[in-house]
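Notes follow the structure.
Each reported figure results from applying straightforward, stated rules to the coordinates on display, with no laboratory input. Everything numeric here is computed off the predicted structure, so don't read it as measured data. All Cβ positions, even for glycine, are placed from backbone atoms using ideal geometry, and neighbour counts span all protein chains on display.
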Amino acid sequence: MSGVMDRADILDRIRELAASTCPGLTAADIVESATFNTLGLDSVRLVELGVRLEQTFGERVIVDDWIDQEAARGDEGYTVGSLVSFIERSMT
């Protein structure tokens with residue numbers, strides 16, 4: 001992906017990809033404090049979203065690394081905001 005993206009741009013892209021991965025989701029549902037579980041993305045859909053994110057953001061974004069990081073956080077993990085932060089860090 002070319003050009004510089006800020007946090008809002010990354011969030012918008014995640015909203016777009018998550019909504020296309022999980023029909024019925026709207027951009028209004030996808031806020032930084034939401035977890036992907038509460039949004040209805042099971043493990044299969046999360047993998048599908050990960051593939052789409054990697055295609056969109058390029059090889060520097062390895063979603064499996066984010067999943068491993070979030071697994072350590074337990075119930076506090078897998079938030080939209082943590083994914084935005086991960087992508088921000090990966091792209092710098």
Matching residues, the stretch 77-92, being assigned to a helix (DSSP H, G or I) and not hydroxyl-bearing (Ser, Thr, Tyr): Val80, Gly81, Leu83, Val84, Phe86, Ile87, Glu88, Arg89
Exclusive hit being among the basic types (Lys, Arg) and within 20 Å of Asp12 (Cβ to Cβ), set Arg45, Arg73: Arg45
Pairs with Cβ under 7 Å, 6+ apart, first in the stretch 30-45 and aromatic (Phe, Trp, Tyr), second buried (at least 16 other Cβ atoms within 10 Å of the Cβ) and not in a loop (DSSP other than H, G, I, E, B): Phe36/Leu46
Qualifying residue in the stretch 5-17 (condition: closer than 21 Å to Gly77 by Cβ, in a loop (DSSP other than H, G, I, E, B) and in contact with a helix residue (DSSP H, G or I) (Cβ under 9 Å, 6 or more places away or on another chain)): no
Yes/no for Ser33 being assigned to a helix (DSSP H, G or I), surrounded by fewer than 17 Cβ atoms within 10 Å (Cβ to Cβ) and among the hydroxyl-bearing types (Ser, Thr, Tyr): no
Members of the stretch 52-64 that are out of contact with any Gly (no Cβ under 6 Å at 6 or more places or on another chain), outside any loop (DSSP other than H, G, I, E, B), surrounded by 12 or more Cβ atoms within 10 Å (Cβ to Cβ) and touching a residue at least 12 places away in the same chain (Cβ under 8 Å): Arg52, Leu53, Thr56, Phe57
Count - residues of the stretch 36-51 that are loosely packed, with under 15 Cβ neighbours inside 10 Å and in a loop (DSSP other than H, G, I, E, B): 4
Hits in the stretch 41-59 - residues which are over 21 Å from Glu88 (Cα atoms), in contact with a helix residue (DSSP H, G or I) (Cβ under 9 Å, 6 or more places away or on another chain) and not aliphatic (A, V, I, L, M): Arg45
All positions within the stretch 75-84 that are surrounded by 15 or more Cβ atoms within 10 Å (Cβ to Cβ) and over 9 Å from the mean Cα position of the chain (by Cα): Gly77
